[in-house]
Amino acid sequence: MVNQELLSVIDQLHREKGISQETLIVALESALLAAARKRYGGGDNFQVEINPRTGEVQVLQIRRIVEQVESPSEEISLAEALESDPEAEVGDEIGSYLEIDDFGRIAAQAAKQVMFQKVREAEWDVVTKEFGGRQGDIVNGVIIGHERKNYIVDLGKTEAVLPLREQMPRESFRRGDRIKALLLDMRTTSRGPQLVLSRTHPDFVSRLFEKEVPEIAEGILEVRNVVREPGERAKIAVYSRDPNVDPVGSCVGVKGVRVQAVVRELHGEKVDIIEWSPDPSTFIARALSPAKAVRVSIKDMGTEKIATVVVQDSQLSLAIGRRGHNVRLAAKLTGWKVDIFSETQMQSEAGLDERAERVASLAETLGSQSGDTSLLRIEDLPGVGGNMAEILRDAGFDTLQAIAHASVEAISALPKFGPKTAAKLIQTAQDFLGESTGETPGLTELPKTDEN
């Protein structure tokens with residue numbers, strides 16, 4: 001049988017799926033063998049030959065010549081054999097060509113199933129060879145549809161899925177859009193290998209920079225770490241093995257062309273390029289970019305690493321970032337817990353610590369000097385600053401005794417004092433004087449926020 005249409009189908013599958021023509025011909029032969037067995041019975045006494053140049057298909061049934069036929073699918077009588085071969089003898093084997101059109105619907109269905117199975121297996125082999133070792137690489141594809149909010153992506157020789165959880169926030173595609181994504185995983189399912197893509201993985205940013213920055217691909221620059229909150233901000237730490245190569249400048253490119261290409265692919269996600277440093281303080285300060293750190297102090301306690309960073313007052317919101325993105329990513333990038341304070345906050349904290357130490361010392365002195373409170377000033381009460389002390393003095397409350405014997409209404413009537421703050425202040429003064437409990441004075445922190 002000559003079948004040019006068959007050759008066209010084989011050629012199309014070869015081009016679209018990347019399956020060799022030889023593999024497809026073998027698959028077709030297996031399908032025809034299955035159909036022949038389904039139609040005529042028998043076992044291994046069928047042969048199929050397909051001419052790859054002409055498409056001619058021949059199905060041959062081999063039967064043994066016997067005197068008495070017991071199995072028609074495998075045996076033929078001598079009389080019948082002599083009709084086609086005058087030299088036939090008992091014990092010989094003789095072949096006869098079968099008409100494919102006579103196979104029938106059931107046999108044809110069996111052939112179709114075998115053909116599909118063989119083609120699917122061949123396709124799986126192609127996919128495995130093509131993508132088996134490419135996990136973590138960037139692949140290019142075309143959106144061909146979506147299913148349950150998951151995008152289906154055509155990669156040429158196969159399809160992949162971009163799950164909802166691996167899509168960037170507020171990102172949407174239409175059929176026919178071209179995309180880049182990280183090949184995250186290749187899973188084996190009952191329907192064959194399934195490729196899973198990601199656009200949210202930190203390695204996606206790293207691979208984008210590798211494609212845009214030749215120095216990374218050449219090994220001159222090394223990407224030490226990447227962290228990101230997809231759609232918001234990413235931070236990438238790079239290190240130069242060549243002291244003459246600026247890692248940050250190389251990643252930014254002339255007029256920012258390299259980093260802008262990455263940002264465009266990430267649909268506007270901000271990218272901070274950080275020069276890696278073996279010194280934790282230096283690395284932490286750089287990781288808070290675009291904010292500038294005034295000083296960094298670190299404390300490594302083994303199980304926990306804490307860094308205290310001081311920035312200018314005007315830089316505090318920038319260092320923390322929108323919804324805390326900047327400081328959170330800096331902590332992930334460096335591996336340190338980062339606490340950020342403005343200069344004013346640190347000065348205030350230092351003042352409170354200093355006053356607390358002085359009060360504690362004076363309280364200890366009071367315990368050994370029969371309750372002499374002349375050494376204490378109202379500024380020594382925890383939480384009482386210079387402005388509050390002036391307001392108290394102007395109102396006549398210039399000693400601890402005056403405050404301890406005042407009423408809540410009298411104190412709360414003053415500016416910056418609410419009822420709760422006034423009550424706490426009076427209680428603290430009484431504690432120091434030993435009037436409420438008769439015990440040695442203690443340290444009680446006043447509320448930092450007035451409540452009215």
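Set the Förster radius R0 to 35 Å, insert the Cβ-Cβ distance between ARG264 and VAL26 as r into 1/(1 + (r/R0)^6), and round the FRET efficiency to 0.05. Don't skip to the end; give the middle numbers.
Details: r = 47 Å, r/R0 = 1.34.
The calculated FRET efficiency here is 0.15.
Please work out the FRET efficiency for the pair ARG178 and ASP137, using the Cβ-Cβ distance as r and a Förster radius of 22 Å; give the result to the nearest 0.05. Display every interim value, and only then the final one.
Values: r = 17 Å, r/R0 = 0.77.
Efficiency for this residue pair is about 0.85.
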Length released on extending from ASP92 to LYS149, taking residue separation times 0.36 nm less the Cα-Cα span:
14.0 nm
Can you pull the one-decimal nm distance between simple spin-label points at GLN58 and GLU121, each 7 Å off the Cα toward Cβ?
2.6 nm
Can you pick out the pairs among LYS337/LYS420; LYS180/LYS270; LYS337/LYS424 whose Cα atoms lie more than 25 Å from each other?
LYS337/LYS420; LYS337/LYS424
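Quickly rank 143-155, 277-289 as a protection proxy: mean count of other C-beta atoms within 10 Å, highest first. List each step's numbers first, then the result.
Values: 143-155: 15.3, 277-289: 19.4.
Result, highest mean first: 277-289, 143-155.
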If every alpha-carbon in segment 59-101 counts as one equal scatterer, what log10 I(q)/I(0) does Debye give at q = 0.18, 0.25, 0.28, 0.29 1/Å?
-0.45, -0.81, -0.97, -1.02
Considering all alpha-carbon pairs of segment 288-329, what whole percent are spaced by more than 14 angstrom?
50 percent
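A short reminder: the numbers here are calculations on the coordinates, not readings from a lab. On a predicted model such as this, the values are computed, not experimentally measured, just so you know. Note that we place each Cβ from the backbone using ideal geometry, even for glycine, and neighbour counts take in every protein chain shown.
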